[in-house]
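So the structure is just underneath, and the comments pick up after that.
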Amino acid sequence: DTGVSQNPRHKITKRGQNVTFRCDPISEHNRLYWYRQTLGQGPEFLTYFQNEAQLEKSRLLSDRFSAERPKGSFSTLEIQRTEQGDSAMYLCASSPRGIYEQYFGPGTRLTVT
Amino acid sequence: AQTVTQSQPEMSVQEAETVTLSCTYDTSESDYYLFWYKQPPSRQMILVIRQEAYKQQNATENRFSVNFQKAAKSFSLKISDSQLGDAAMYFCAYRIGGGADGLTFGKGTHLIIQP
């Protein structure tokens, strides 16, 4: 068990470009969460999957954001037409059924220039 | 909506001393969970301790303990015998029980350990 992994760890993109991040949860964790963390703030919840079903989305998740979790394994978070305000750390977390704490990955730091 | 407030942006403590980090929260729910997470510089967030709202006994994990005051909606973290490796951002977090909602985090407290 290697923990939650996220790729890439860093991404620099130009405004208007699309970016995609990947999260691999701990094996057999059926729940997967995405958060966004800006400098000096705590993480903010974006969306949540139970297996392959996306069960909850925050109002922070604008139409430019989309997340998938095909086959209930890894998940991707795509941001279309990036804006400078999208610059942040994007964190992924997973948890197994019946356990309330979440296990976090190292995050993907996005910089939009 | 639930909110979590950490009123101390930064705290400093001498190595081997004890420090307490404050957290208050606002909720109308009766079934919920509270957590303290540690985020070292450029490293991933790790769970320090958790507290179930239905439990009256305060949680303890080695040098880390909480003071859970349900009526006051207060959830402070006490770190005893502070070590240099304790230096990090500490986040208080809340989640409702029963479901699988995302965590609501406070803004964090930056803990500095003075050698």
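For B:Arg63, the shell of other residues with beta-carbons less than 10 Å away shows a net charge of -2, using +1 for Lys and Arg and -1 for Asp and Glu. Inter-chain neighbour count for B:47-55: the average number of beta-carbon atoms from partner chains within 10 Å of each residue's beta-carbon is 1.
Distances between every pair of Cα atoms in chain B, grouped in 10 Å steps from 0 to the bin holding the largest one, split as 14, 49, 30, 7, 0 percent. Taking every residue in A:37-46 and counting other chain Cβ atoms within 10 Å of its Cβ, the average works out to 5.
Would you check chain B for Lys pairs whose C-alpha atoms are within less than 15 Å, ignoring same-chain pairs closer than 8 in sequence, and give me the count? Pairs that pass both the separation and distance tests number 4.
This ranking places B:Phe35, A:Phe65, A:Phe21 by how few other beta-carbon atoms lie within 10 Å of each, fewest first, which gives A:Phe65, A:Phe21, B:Phe35. Per residue of A:100-108, other chain Cβ atoms within 10 Å of the residue Cβ number 6 on average. Computed about its Cα centre, the charge dipole of the protein assembly as shown is approximately 540 debye, with only Lys, Arg, Asp and Glu carrying charge at their Cβ.
Coordinate-derived values only; no laboratory data. Keep in mind that what you see is a predicted model, and the values were worked out from it rather than measured. Cβ coordinates were reconstructed from backbone atoms using ideal geometry, including for glycine residues, and neighbour counts include every protein chain displayed.
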